Structure formats: structure tokens, C-alpha cells
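Have a look at the structure below before the remarks.
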Amino acid sequence: MSHVRSSIRQKWVTNTTKYGQITDGISAPIEAKPNMLWLFFTAISGGVMLMGFGLIGWTFYKGIGAWGLNPTVGWAFDITNFVFWVGIGHAGTLISAVLLLFRQEWRNSINRASEAMTIFAVLCAAIFPLIHMGRPWMAGWFGPLPNTRGSLWVNFNSPLMWDVFAISTYLTVSLVFWYLGMVPDFASLRDRFARAGRKIASAVYGVLSFGWEGSSRNWSRFEIVSLILSGLATPLVLSVHSIVSMDFATSVIPGWHTTIFPPYFVAGAIFSGFGMVQTLMIVTRKVYKLEDYITLDHMESIAKIVIATGSLVGLAYMTEFFTAWYSGSLWERYAFANRMFGPFAFAYWIMFSCNVITPQLFWFKSLRRNMVFTFIISLFINVGMWFERFVIIVTSLHRDFLPSSWAGYYPTWVEAGILAGTFGLFMFCFFLFSKFLPVVNMFEVKTLVHDIEKPDHLKEKEAVAG
Amino acid sequence: MNTPKYWRGLDEREQTPEFLAEAKKEFPTGISIEDALNSATEESTSFRSNRRDFLKVFGFGLTAATLAACDAPLKKAIPYVNKPDSLIPGVANYYASTTATGVPVLVKTREGRPIMIEGNPDSASCLSAGDHASVLDLYDIDRLRGPRKGAENTTWDTLNGAVRTRIQAAVANGGGIRVLSNTILSPTKNQIITDFLTANGGTHVTYDPISTSALAKAHEIGFGSRVIPTYHFDRAQTIISFACDFLGTWPGSDEYNIDYTVNRDPDKPMSRHLQFESLMSLTGANADLRFPLNPSDEGVALLNLYNKVLALLGKPTLPAPSFNVAMNGLDKAAQDLVAAKGASLVVCGTNDVASQIIVAAINDVLGNYGKTLDIDNPSYYRKGNDEDLDQLAKDLESGNIDVLIVVDADPVYDTPYGDIFKNALGNLGLSLAMTNKANETSNLCQFTAVIPHYLEAWGDAQQSATQYSLRQPTIRPLFNSRPVEECFLNWTGDNQAYTEYLKNWWETNLYPLRGAELADADFYTFWVETLRKGVMSLPETEPSGVSLSVTADDLMTYADLLKAKSSSGPAEGEFDLVFFESMSIRDGKQANNPWLQELPDPIAKVTWDQYVSVPYSYARENNLKNEDLVKIEFQGNSLYMPVIVQAGQAKNTLGIPVGYGRVGAGRVAVKANGEKRGDMQIAGTNVYPFGSLSGGGIRLQVRKATVSRVAGQTYPLALTQTFNTLYDPVKGLSGDNYDRTERIIEETTYANYNNGKYKDRVHAREERKKHLVTLWDSHYEDPEESRSIHWKMAIDLNKCTGCGSCIVACQAENNVPVVGKEEVRKRRGMYWMRIDRYYSGNAEMPDVVFQPMMCQHCDNAPCETVCPVLATIHSDEGLNQMAYNRCVGTRYCANNCPYKVRRFNWFNYYDDEEQFGDFYTHNDLGRLVLNPDVTVRFRGVMEKCSFCVQRLQDAKLRKKLNANSSFAKIKDGDIKTACQQSCGTGAIIFGDFNDPESAVSKAYREERSYAVLEDIKTLPSVQYQALVRNRTEEETKAWEEMQKPENQKIFS
């Protein structure tokens, strides 16, 4: 296997002259014994995850009253977390599908990890629609219920119903796409373990690789399926968060009842997703020494997307305000004034400064290439985007039409613990992923390598022939 | 030929009464087991069981043991083996009765248990929240189970024996016997007590915790008879009230609510009501013009009003320092009074003889006696005499009393003489409390005679000179209790049953007075008919025309008294501290009733706690906020109370509700006892001891109190409404003040209503409505689509006084759970209906409006479209229905409800033992109050007002059954929702909108009719009729000017 890559194309992989170098480098952590650092962090995130599940159990036992909600503010942390995590997921799909269709080859280095991030984020997100229900054991009623009077249908008018379809489709497609992309790498791992005589590991990866042979037919099919799946996944990037936004947009609540929500939410989702990609990648490339495959150029590209989507989000914020003012609607005007100056103004200003102001610093090239700085900004973005959902949900609800029913909202430690628990779950999954699966797509990165040296056995052949 | 007659024994041959009685029974009485086993003892005689019982018990025991061996949980649903004739399972029976406080009611019973108290349509009185809640008192787990000696259980024989012995001893010693009670409305009970005292010597002292003794005394001085007049608010065109809460807590408010609203219809000549008061009362909130008036200034204000009225009439006035309230309110009052001479009314709630004399003088000079107030047909609701109580306390102190029998009263708690009673009760020859619940007094008495709850007993009452009512039991006594009457009869030595006594008394005294419709009836018919109706009205006596006989000199003396009081009013930084009755807990008797503890006071909106209301101006100057802890000091006492900042409260006044700090009343009352923090007792303090006898009555008032903030400390209060105004402190960049008033409350003044300005607004509203669009099918508006029934409700804001009894009625009807202070504080109160209270305008002199708010049953319901599982759907009769079983609890419907009327079961309120275990649904006794027609909701389920769908179904079925046709149309009167039936003023109208003749469709055609938040186009099935305040054009302008929204920050 060898290829020629024009020297005028951008170098996305540095210091690499051999394919084997890539395979060795990326497989090394999988083949090595887990080190103490990994064990430590996995244990911590696993512990936080278990605490989260414990608190979910407590909620099931006691009732939703364990949270700080009230009849006026019927959703708060639960749906905030849901939208937040769904949003995080979007970057993965965008990278794997949309950038593939647009032939953005730099995605090859980061698509694996960001797709994994998508899966884990959607898993975290999927928890909340389930546990926010008063009677989660009745979740089956979201599907048609067969009974003697014919099936009992659900309400297709309800955006919550649309959510069910959107999220489940999204999870399925993302999972298949992610898994499929790993099949050639599983085969490499299978072969490497077989060569090293580690039979169990070899067998496991063998099963996972679906008998991949690396034949041209395999590759041909693989490419076609990837393209089809990316075609399927691309609309999902737009549809999932559009539908999530309709949970709010179809209501009558001022601050929710807004037509701008679908594009606004999609932009926000991609923004937050890339923020999370930055956070994860900066750590991963450092810890696993992947700087040659995930280069500063990659990080800079991500930062550019962040600045684009961040500006879109800022534009959406301002459009909302303008519309509220321009509509002349008392309720709309009030809702937005209340966001800025009401009791939850702090959340609004956190959101605004984290999402609109800080990403603008990425206009400076030096900052885009400064990983410490980028890491800090990415954390800001994560915080800001969580608060965006909190602002939309809580500040709109807590003071809507009748002042008699205006109420406050104070989260309980149960809710805060569940939020922490999902971060635990997310990180726990990501740590497992980084240990047992190749964090960078080996075979796709190989296509990016310039100046490939001929393998030794070919050199020998040539020498013999020469 | 003669057949021989056989007889079985000598008894049969003699036909003895015992034999005849025995022969009527299907089964003869057997030998009791105890006799058979020779183990009968004295104590066990009352529980004798016979052989047949033994077999039953044995058989049941065997069956029970067998069943218990099975795995399935044993559900206690026991069918009738023989159905009682009067009872169809599943169908409610109604019985007319009379509450303990003497209000004629209907009692709804299901399968032999009373579950709801409703107003008696044959008597004009609307029930208070406490009356509705009294059914829960019946099933109070803390009720006493039987007679007690000290804290020990005892038997009636022991108790009666001891009482007789001690009374005989007292009679022999010539010692004093006293019977102490609150007002007793029952003529027979009074008679029996009088007979007892005649036989044994002694006196009957009557007092009321909240007394109107001075009012009666003023009439004794002025008219020669110690009575409280009946007030005819329906005959008054001008009502001037000085600190008199005649719509809320004043005796007779049950009836005055109805009378008052008769003239509040703006399409008829509308009455005018001016209120001068210190604290914001329910009555003040309803007034056309309300003027804050410090209690210290009240006397001089009364004198000035007197002078102004007499000056207008050209009569000599009294010397008095000139005084007026804001906006020259006293002049307005005087002018209105004189203009409506003979159809005006001045009332005063202050328990002070001098004030009441001046008020009587004003009414007298206006010729109101015999017209708007009637002393010839007096009201009997309060007969207490504070001076008698004072004398009793003195006698107790000096040891002149030997026997004290306390009949259903709690002097240790609710009089200023609590300590005297406390010390004396143990040392008397006999102290006996007659009560059905332990209280502070009974806990200290040597004996407690347990009396039945009113729903378990026979009785009667006389509310006024013209109305009697009967009480009949609706359930067998749950515990080992005996009626007061029976005890006294027994102690007098008269062994007839009280029921017989009652019948005889009615036969002797009232049967001859029966009305024309029963003229030919024999007593039995009269009795049965009166019992069925519950009330008996007598014609009014013609006014005797007695006028006030107070000499000018005397009047001058009273005026001087008033002036003296006013001149010693509070200095800067000092406060008049007023102890008042809140609308929910009232005098504290029902403190163990969780329905009332959780019922928010209509003004303060506080539940479960005592508080101090602080005037807005003081709070703003001193940066006090709700829940801040303050220390109130007076006469060496300190009280620690959380603050409620009250708009419209007079400067230099503080208000603290009575009725808290009950220590002996039970597990629920204790929950409202505040908190002990270090040395501080925060809230939960009994304030009755701070009252004192002055000016002929016990005044629950303290002068010269000071208030100081306890630095840095707060005490959490559970408010059901924290935001009080329709404006908002959040100012937008565009400078909007976000005035929501028109979208939520429509109000206008009588002047604008009549001069066409209001019509303009109605037109503007109609215009605005034309531009509303909707995405939804408009089939609900389509006349083509005619449904059989379209349920709708109309609420007249002009008739709603905000009293809150509908809330408790709804709670009783719909099994709405009690959630406790912590949950209310989290705003999780479960009420299906609430009464929103808004202030508008100037915070010193605000206008108040009450708006009952429940599910609006929108025809374009936002909740219905968003429910993913179709748990909330629209019925073809226009109801927005909840299918609890289908609800998964996403709460999306509640979020999307613009009216925020949906309630979520955050916890298992009805059986989460560890958190809510003290409430009634957690014990078998308390659960008896649940309405079997309404599901008890599980946690995680959304609930809300159903328009009492169970009542609708019942009424429809009944109608069809009675008409023997499936097509029988529902008419007005066939159905009343729970809130509607509780609303004596008729503010709530409910019915079929498709029937053009129904009251509700007529109400919708009125121009005052509007829907809340019309611009969302939810098409609610509840519409409100605009509030009209009776203000002149000039006043309208003046008040608008004054009320221009100013800094409202204090409300946030």
C-alpha cells in the first residue's frame, strides 16, 4: 500500500514517513497495560457516574419533588442538560458526515474521537427525557400501545414525540457510522494482537472487525457505505436540533415562541460541539502524544468553525432581541427584558459573555494556535452553552403571563449531582474508548501522509534488483 | 270453636313492655358470653356481647385468619349484605344540618360518611372556609376517644359520679358554680344549662375570643337592650366602615357577604362602600375607596365624621380636634351618608364602647335604625360579655369559684386571662372541660367530657331573632362521646334523652310559630319538614322605633374618652400593634385542620405561619423585606416575627394574626408553631394574652410598640403568591413598564362605566380580537358545529369578595392533597383553584383586586397539543380532561399553560409517610373524608381543575333518569360545581353555553365579560366580568393621578 500525495497540498500530518509509524503510535496505548493515571481518572469519572445513577435512583424512589422544580418552572436542569448534551453531539456528526461530503480531509484525524463524543453525549442526553418524566416506568407509552380497542396512539402533534424519533434515529445512525468507521482499524488491531500472540484480544477485535480482509472489494464497499451514511447523517445535523428547538418554539410561552429557534439551535449545537471537541482533543493529543496527527493546523481549523458558529449564535441572540422589541408584543418584550435584568440576569450575562464575546478572540491567529488559551476558551464555551439552555428554559418559564404565578427556581443537590453524573458518564465512556479503541482513525490518517518512505522490504527488493 | 291460645311464659301472658320490646326483635337477646363464663365485671358491662356475637366473632375470626393466610393483600372494601333503604351505593345523600358555629348547611354523605359541607339553599348564608373545612375536623386523628380524668382515660360513670358529687359539695358550701362557654346559639342548650344552674346555683359566663362585647354594650346604653343589631347591607346605598371586616371575620359575615353583593351590580344602582382601617382587611380590599387610618386616630376620625354629618344636617356638633384622612375621605363619607339618609350604614369593628356609641349616634341621626340596622330582630352570632369574663377571672383569682365547667371553649388559650385560668384550673373543686379535641384548657382540667363533633350530634341553633335551624347527625359518633346537653341533663337529674328534649322544646316553643305553608301540619310533619329543610324562618318584628337615648352630656363624655385615646397615639417610631383574625385560621379553634393551615390568607397569602404585617412606607424606609426577622417590643414583652410588607397598611401600625401558638391542639397545629432559635420564639406565639379590657371590651391591641430588625436573620414563610403587582420592577431598554393590567384584569369605575368611557375600551378590545389569528381548526367557534353541551363558567369580579371558601370546597370535593409548609414554600401547593390578588397604583393607598383562577378549559388548549401521550384531551362538551392513568408526567402541559393552573404530583403526597405522614390521608380515619368519586392521584401525574366532571356526569345521569330520556337537556340549577356552590355571593356561574337561556351564556353576552389573556387566543371557557369600583368622575381622576405607578420595588 502506498500512495502519492501532491506536495502542494496542505500537510495535515507531520514528522511521519512510514505507515507503520502511524499504526504503532495509535495502537500503542491499546496494547500497553493501563497506566496509573488512566486508572485514576477512569475510577474518578466512574465514581461520579455511579453517584449520578444513585441520585437518579433516589429521584425514582422519591419523585421529581427531589428536584427544585415547581408548577411554574416545570423544566430546568433536566431539559437544560438534555439540550446541552444533544448539542454537544452535533460536532461529531458534522465532522464525520458533512466534512466528509465536502472533502475536508483534515477531519480524518479527529473524526473518530468526535464521533465517539457524539455517541457518549447522546447517551447522556437520552437519560434526561427518561428521568424527567413523573412516571418513567411508563416510558413505553411513547410508542403505540396495543390493546383490545385497537392500538392507543400517541400525539403526533407533540414535539416531545418528535424528539423521540429524532433522538433515536440520531443515536442509531451515529452509532452505525462510528462503528463502521472503526472496522478497518479493528482488523489492524486483530492482526497486531495475533502477531503478538495475544489470542483473546485478537479474538475480540476479530469479532469486532467483521472479518475485514482489506481487499479492494472491502474497501470499495466501505467507501460506498460511508458515503451513503454520511448522506443520511447530514440532514440529521440540521434536523435533530431543529426538532429539539421545537419543544420550545411550538409553545405559547414568551421567549420560547420564536421562529428563529431551529437555525439558532443548530448553530448553537455545532458551536457547543466544537467547543467540546477542542476540550477533548487538546487533552487527548497531549496525553497520547498525537501531536503529529492532530496538529495545530487541525486545532486552528476547529477554532475557525467555532468563531463562525459563535458569531451565528451571537447574531441569533441579537435577532431575538430585535424581534421582541419590533413585535411590540408586551409579553415578548418583557421576557427579554427579564432575561437581561431579571432575577436570572447572571445566567444571561454568563451566557452572553461566554458565547459571544470570548470566541471573538479567535480572530487572532496566535491565540488560535495557543493550546492553553484555546483550552480555556473551550471551557468557557461549554459553560456558556449550558447557560444558554438554562436561560431559555428557566427565565422564560419563571415569569410568563400571570404575575401571580411567577416563581423562582433553586436547583437541589440531587439535580446538580445528576448533571455531574452525566459528565462522569461521558468521561468514563471516553476514557474506556481511549484505552480500548483507536482514538484516531488510522487508515484515514494514512491517506494524509506526505513524503512516504518506501517500506523496508520494498527497499530491500529494490536494492536486490538494483 | 275456641282454639286455645298458648303462651310461652308469664311475660307473654302479661304482655309486659320488656317482653313486647323483645318480641319485636327478629332474634331474641341471648345470654352474654361474659355472663355465660361468669366473668362479667363492672367495667365490661358496656361491651357485653352475646352468644350470637360470639358466633359472629368466631366466624369472622376464622374467615379473617383464612384470608390472612392468602398472599393477596386484604383490601377493606366491604359490601352491604343488607342495603339500608335510604342508601344507594355510589349515590350521595344530603342532610340539612347546622355547623358548630351555627351556620345552616347541607351535609353530603356517601355510604354513611359525611364528606362535604355545602351551603343550605334554604338559608341565605355563604359558608366560610372554616365551615367547609369542618368536615375534616370530624376525622381528625387527634380527637379525644373518650372521657378523661386528668390525662387518664375514665368512664362516663366515673366522670358523671365525680361531677355530681363535686357539684353537691359546691352547693353545700354555697360555693360558686360557673359554666363558661363561647356564644351558644342553641336555644335548647342554653335552656338546659340555665336549668342546670337554676337547680344548683351559679352563673353562665359567655365570651368570644374575638369579641363584639362593646357593640352590645353600646346598644344596652343607648337603646336599653344588650343586642347586636342585624345589619342590612342589602338595604344600604352607602356603607361606611371603620375597621370592620364585615365581609371577612365579623360575626354574621356569612350572611353579610350575600347582602353586600346584592347592590354591587353596576347595571343597577350600585352601593358605595368607604373603608377606614389600619390593616388591609378583606372588606377594605373590596371597598370602593379605602383610607388607611391609624387605630389611635380612629376615635377622633369618628368624632369628625359625626360632626361633619351633623353639620350637613344643620345640627349642633361636638367639640373635637379637626382631623381628616387622605383625600378628604371623611368629607366624602359624610356627604354620601347624608345623601343616602335612611339607606346608609356606618359600622365599626372596634371593641370599644365610646366608639360604638358615636357610631350608633351617627346611624341614629341618619335615621338608619329600623332600616339598615335592626335592633328589634337582633343577630345572635356573638353574645359574649367581656366584663363577665373579667369578673370570672377576678373571682378565680380570689378563690370564690368552686366548680368551673368549660363548654367547648379554650380560655387558657384564647383570652387575656390565660394565666389566671391556668393557675386556677387545678385548684378548683372541679374543673371540667367539654370538648371533642384536647386543647390548652382541657389539658389542665381535672376532667374532660368528650362531646361529639357537630356532624355526630343532634342540636339546634338560633342565628338571629328570625331564624332557627336544626342539626341532625349524619354519622354515628366515632368515639365514646356524649353531647353537652345530655351531660347537663344528666347532672341536673333529668334522664330524658336529648333528642326527646329537643323535640319537646320545638313542639312547645316553635311549632306554634310555624309558617303558613305548614299551618295544617301536625307536629310530626312539622318536625320532619323542618328537619329536611334545616331552617325555620320567622317573620321580622316591626321596628319599634326606639331611638338613641344618650344625653348630650354623656355623648360629650364618650367624645372626651375618644379624644383622650387619640391624643396618646403612637409617636414617631412607635406603633399601634393590632392582633387580627386571618381569614384562614381565624381565632385558632381549627388550628389542627390542615386544609385551613394551608389556605393562604387572601391578603397576605401566607400559609402555615404567623407573621407581622408592616406598612409599606416603614418597610421601604428601613429596607425591610418579606421574611426579615423583626423583634417587636411592648410593655416588657418581645415578639419575634417574620415580616410581611403590606401595601395600604396605615403608618405606625403593625398587625399580627391570632390563632397561632396552639400547643395542645394536635399534630398539625404544632407544625404552624414557628421555630425556636436560641432564646427567640419566632412566630407561633399566642397573642391573646396581650389583649386587655378597656373601654368596655377586650381589645386585642397594644399601644406604643417598637420594632427592630434582628440583624441578618430571616425566617422562611410559605407564600402562595410572591409577586403582587401587574407592573414590573424590570424596566426594559425601551422604558416599558410592562403594564399587563388590561390583559388580565378589566376594571373600571362606576362613572366611566356609565359615561361611555368603558364602552370605548370594550370596543377597542373587540377590535383587537378581530386581528387574532390561529393555526387551529376553528370548529369550536363554528356555529354549524353545535355540540349538545358546551360547559362554560363566568366569574363576576364585582361579586367575588376573595374570601377563599371556594378553595377549600374544591379541595374537599376533589381530594386535593395537603402538602405542608416546605412544599408550599417551593410553590408546590396543589390547589386546583387559587385566588390571585393584585394591587395596583400607589402602594400607600392601593386598589386591590381578587381573581379566582382555575383551569380555563381553553377551546384552543395549549396543553393539549403538547402532551406526547394524549393524556390531556378535549371532550366534546368543551372540557379539558386529564386521563391520570395515561399521564407520564413530562410537565410540558404545565409549562405551556399561560394561566399556570396545572398542578404536578411532585411526591406521593397521599402516602409518602416519612414526609407527609402527619396529614389526614395517612390514617384510616382521615381517609374517610376522601370523595370516592374522585381518584387520588399518584406521584408523577399532572392534575388540575376538571370543572368537577364527576358532578357533571352525576347531574347528566340524574337528569336522564328523572326525565326517562337520553335527550334531557341540562338546565341551570341541575348542576353546580364545588366552587360555585360554595360561593354564596353568586360570583361563580356555571352552565351550558349552548343553552341561550342559561345564566352563563347571558353573562357572556354582557359587555363586562372578558377572557384573561385574550391575545393568545386560547379561547378559554372561563370568562370574567369586569370589576367596577363605585367612584365618581372626579374621584376616578384623583385616584388615577395619585396611583400613577411609582416605585414598586418593594413588591418584588
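Numbers for the structure displayed
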read-out	value
Boolean, B:Asp796 is among the acidic types (Asp, Glu), at pLDDT 85 or above and either under 22 Å from B:Ala285 (Cβ atoms) or touching a Lys or Arg at 6+ places or on another chain (Cβ under 6 Å) (or both)	yes
Answer from A:Phe186, A:Phe177, A:Phe210 - the residue that is away from chain B (no Cβ under 14 Å), in a helix (DSSP H, G or I), over 30 Å from A:Pro262 (Cα atoms) and touching a residue at least 12 places away in the same chain (Cβ under 8 Å)	A:Phe186
Filtered residues of region B:924-966 (kept if basic (Lys, Arg) and over 18 Å from B:Met882 (Cα atoms))	B:Arg927, B:Lys956, B:Arg958, B:Lys959, B:Lys960
Residue selected from region B:103-114 under the condition under 17 Å from the mean Cα position of the chain (by Cα) and within 17 Å of B:Leu136 (Cα to Cα), by the criterion surrounded by the fewest Cβ atoms within 10 Å (Cβ to Cβ)	B:Leu106
Meets criteria (part of a helix (DSSP H, G or I), within 14 Å of chain B (Cβ to nearest Cβ) and crowded, with 21+ Cβ neighbours inside 10 Å) for A:Glu415	yes
Candidates A:Val277, A:Val283, A:Val356, filtered to the one that is crowded, with 22+ Cβ neighbours inside 10 Å and under 17 Å from A:Asn382 (Cα atoms)	A:Val277
Those residues of region B:929-972 which are assigned to a loop (DSSP other than H, G, I, E, B), touching a residue at least 12 places away in the same chain (Cβ under 8 Å), more than 14 Å from chain A (Cβ to nearest Cβ) and of a type in the set (A, V, I, L, M), in sequence order	B:Val929, B:Leu930, B:Val934, B:Val936, B:Ile970
Region A:288-305, residues that are touching a residue at least 40 places away in the same chain (Cβ under 8 Å) and either farther than 24 Å from A:His450 by Cα or not in a loop (DSSP other than H, G, I, E, B) (or both)	A:Leu296, A:Asp297, A:His298, A:Met299, A:Glu300, A:Ser301, A:Ile302, A:Ala303, A:Lys304
Residue within region A:75-91 that is surrounded by fewer than 23 Cβ atoms within 10 Å (Cβ to Cβ) and either among the β-branched types (Val, Ile, Thr) or free of Cβ contacts under 8 Å to residues at least 24 places away in the same chain (or both) present	no
Some residue of region B:751-769 being at pLDDT below 85, surrounded by fewer than 16 Cβ atoms within 10 Å (Cβ to Cβ) and away from every other protein chain (no Cβ under 14 Å)	yes
Those residues of region A:61-89 which are within 10 Å of another protein chain (Cβ to nearest Cβ) and part of a helix (DSSP H, G or I), in sequence order	A:Lys62, A:Ile64, A:Gly65, A:Ala66, A:Asp78, A:Ile79
Only listed residue being surrounded by fewer than 24 Cβ atoms within 10 Å (Cβ to Cβ) and within 22 Å of B:Gly161 (Cα to Cα), chosen from B:Asn427, B:Asn436	B:Asn427
Every residue from region A:190-207 that is aliphatic (A, V, I, L, M) and in a loop (DSSP other than H, G, I, E, B)	A:Ala196
Only one of A:Leu152, A:Leu94 that is touching a strand residue (DSSP E or B) at 6+ places or on another chain (Cβ under 7 Å), of a type outside the set (Ser, Thr, Tyr) and either surrounded by 24 or more Cβ atoms within 10 Å (Cβ to Cβ) or at pLDDT below 80 (or both)	A:Leu152
Matching strands (runs of 3 or more DSSP E) fully within region B:807-922 where at least 2 residues are modelled with pLDDT of 90 or more and facing chain A (nearest Cβ under 9 Å)	B:834-840, B:847-853
Of all residues making up region B:515-542, the number that are of a type outside the set (Phe, Trp, Tyr), in a helix (DSSP H, G or I) and exposed (fewer than 11 other Cβ atoms within 10 Å of the Cβ)	2
Test result for B:Thr541, of a type in the set (Val, Ile, Thr) and under 34 Å from the mean Cα position of the chain (by Cα)	yes
Any hit, region A:264-274, residues being crowded, with 17+ Cβ neighbours inside 10 Å, assigned to a helix (DSSP H, G or I), more than 11 Å from every other protein chain (Cβ to nearest Cβ) and free of Cβ contacts under 8 Å to residues at least 40 places away in the same chain	no
Subset of region B:992-1034 (residues that are in contact with a Phe, Trp or Tyr (Cβ under 7 Å, 6 or more places away or on another chain), outside any strand (DSSP E or B), under 20 Å from B:Thr801 (Cα atoms) and away from chain A (no Cβ under 14 Å))	B:Val1000, B:Ala1026, B:Asn1030, B:Arg1031
Test result for B:Leu432, in contact with a helix residue (DSSP H, G or I) (Cβ under 7 Å, 6 or more places away or on another chain), within 25 Å of B:Pro689 (Cα to Cα) and not polar (S, T, N, Q)	yes
Answer from A:Tyr326, A:Tyr334 - the residue that is within 14 Å of another protein chain (Cβ to nearest Cβ), hydroxyl-bearing (Ser, Thr, Tyr) and free of Cβ contacts under 8 Å to residues at least 24 places away in the same chain	A:Tyr326
Scan of region A:354-403 for residues that are outside any helix (DSSP H, G or I) and away from chain B (no Cβ under 14 Å), ordered by number	A:Phe364, A:Arg369, A:Asn370
A:Tyr348 being within 14 Å of another protein chain (Cβ to nearest Cβ), surrounded by 18 or more Cβ atoms within 10 Å (Cβ to Cβ), modelled with pLDDT of 90 or more and not in a helix (DSSP H, G or I)	no
Residue in region B:496-510 that is over 29 Å from the mean Cα position of the chain (by Cα), among the aromatic types (Phe, Trp, Tyr) and not in a loop (DSSP other than H, G, I, E, B) present	yes
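Let's see how each residue does on (1) at positive phi; (2) at pLDDT 90 or above; (3) surrounded by fewer than 14 Cβ atoms within 10 Å (Cβ to Cβ); (4) basic (Lys, Arg):
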position: A:Val164; (1), (2), (3), (4): no, no, no, no
position: A:Phe177; (1), (2), (3), (4): no, no, no, no
position: A:Gly181; (1), (2), (3), (4): no, no, no, no
position: A:Arg192; (1), (2), (3), (4): no, yes, no, yes
position: A:Val207; (1), (2), (3), (4): no, yes, yes, no
position: A:Gly211; (1), (2), (3), (4): yes, no, yes, no
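Yes/no per residue for (1) out of contact with any strand residue (DSSP E or B) (no Cβ under 6 Å at 6 or more places or on another chain); (2) closer than 28 Å to B:Ser186 by Cβ; (3) surrounded by 18 or more Cβ atoms within 10 Å (Cβ to Cβ):
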{"site": "B:Ser544", "(1), (2), (3)": "no, yes, no"}
{"site": "B:Tyr558", "(1), (2), (3)": "yes, no, yes"}
{"site": "B:Gln590", "(1), (2), (3)": "yes, yes, yes"}
{"site": "B:Lys605", "(1), (2), (3)": "no, no, yes"}
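The values are calculated or read from the model by the stated rules, or taken from the named source; none is laboratory data. If you're wondering where the values come from, they're calculated on a predicted model, not measured in any experiment. Neighbour counts run over all protein chains shown; Cβ positions are idealised from the backbone, glycine included.
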